[in-house]
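J.: My questions all concern the structure below.
The values are calculated or read from the model by the stated rules, or taken from the named source; none is laboratory data. Since this is a predicted model, take the numbers as computed values, not measurements. Methodologically, a virtual Cβ is constructed for each residue, glycine included, from the backbone with ideal geometry; neighbour enumeration extends over all protein chains shown. Protein only, heavy atoms only, side chains kept; ligands, DNA and RNA dropped before computing areas. Shrake-Rupley method; radii C 1.70, N 1.55, O 1.52, S 1.80 Å.
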Amino acid sequence: MRSLGVSGRVAQAMVVALAVATTSAGVQAQSTSAAGKQRAGSSQALERGRYLVMIGGCNDCHTPGFAVSGGKLPEKDWLVGDSVGFSGPWGITYASNLRLLVSNMTQQDWIKRAHSEMRPPMPAPSLHHMHEDDLKAVYRFIASLGPAGKPAPQYLPPGSKPTGPVVVFPTP
C-alpha cells in the first residue's frame, strides 16, 4: 500500500466527502419525494372530501346560515351543527356538529356510523351508498377543519316541545 502525501490525502477526503454527500442527497431526495407524494395524496384526499361535502349538501344543514348565504360562508364556519330542529313523526332531530363528532372518533368509527341507520332528515341512504374511499376523504376533510363550536341540541322524542325554531315535515 502506497503512502499518500498531504495533497493526496486531501483529495481522497474530498472524494469520500463527495460520495457521502451525493448518497445522502439521493436519500434525502427520495425521502423528500416520498413526503411530497404523501402530501399530494393527502392534499388530494382533502380536496376530494371538500368536494363531497359540497355536492353532498352537508353544509346545508350542518352549517348555520350556509343555504341562505348561497354557500358563501367561510370554511372556518363549516359543519359546526345547528340549533334549528327538524320535526316529524320521529321526533325532533338536529344537525350535529360534525367537527366535534369527528374529533372524538376514528376513521373506522366514522365509516361504521355512516353505514348505520340515522333519524331523518339525515340522508343516510346517500352515506350508505358512498364508497369507503369517499367516506375516508370526507372524514379527513372534516378532521382537517379541527374541532369548533358547541354540540347541537339533543334529539327530542315525538310529542316533545322544542325550545327553538324547527322545520316541520308533514306526516305521511
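J.: Any residue at all in segment 151-161 that is of a type in the set (S, T, N, Q) and closer than 17 Å to Thr63 by Cβ?
T.: no
J.: If Thr23 passes every condition in (1) open to solvent by less than 80 Å² (accessible area, probe 1.4 Å); (2) modelled with pLDDT under 50 but one, which one does it miss?
T.: (1)
J.: Restricting to segment 83-119, give me the number of residues that are of a type outside the set (Asp, Glu) and part of a helix (DSSP H, G or I).
T.: 13
J.: Quick one: which of Val138, Val80 is closer than 12 Å to His62 by Cβ, part of a helix (DSSP H, G or I) and open to solvent by less than 80 Å² (accessible area, probe 1.4 Å)?
T.: Details: Val80 fails: part of a helix (DSSP H, G or I).
None of the others qualify; the one that does is Val138.
J.: Could you figure out which of (1) out of contact with any strand residue (DSSP E or B) (no Cβ under 9 Å at 6 or more places or on another chain); (2) at pLDDT 95 or above; (3) within 17 Å of Thr63 (Cβ to Cβ) isn't true of Pro123?
T.: Every listed condition holds for Pro123 apart from (2).
J.: Out of everything in segment 141-170 that is open to solvent by 80 Å² or more (accessible area, probe 1.4 Å) and touching a helix residue (DSSP H, G or I) at 6+ places or on another chain (Cβ under 7 Å), what residue ends up being nearest to Val84 (Cα to Cα)?
T.: Per the stated criteria, the residue is Pro151.
J.: One residue is enough: does segment 98-119 have a residue meeting the conditions out of contact with any helix residue (DSSP H, G or I) (no Cβ under 8 Å at 6 or more places or on another chain), loosely packed, with under 13 Cβ neighbours inside 10 Å and touching a residue at least 24 places away in the same chain (Cβ under 8 Å)?
T.: No, the conditions are met nowhere in segment 98-119.
J.: Could you list all residues from segment 91-118 that are within 19 Å of Gln154 (Cβ to Cβ), at pLDDT below 95 and hydrophobic (A, V, I, L, M, F, W, C)?
T.: Met118
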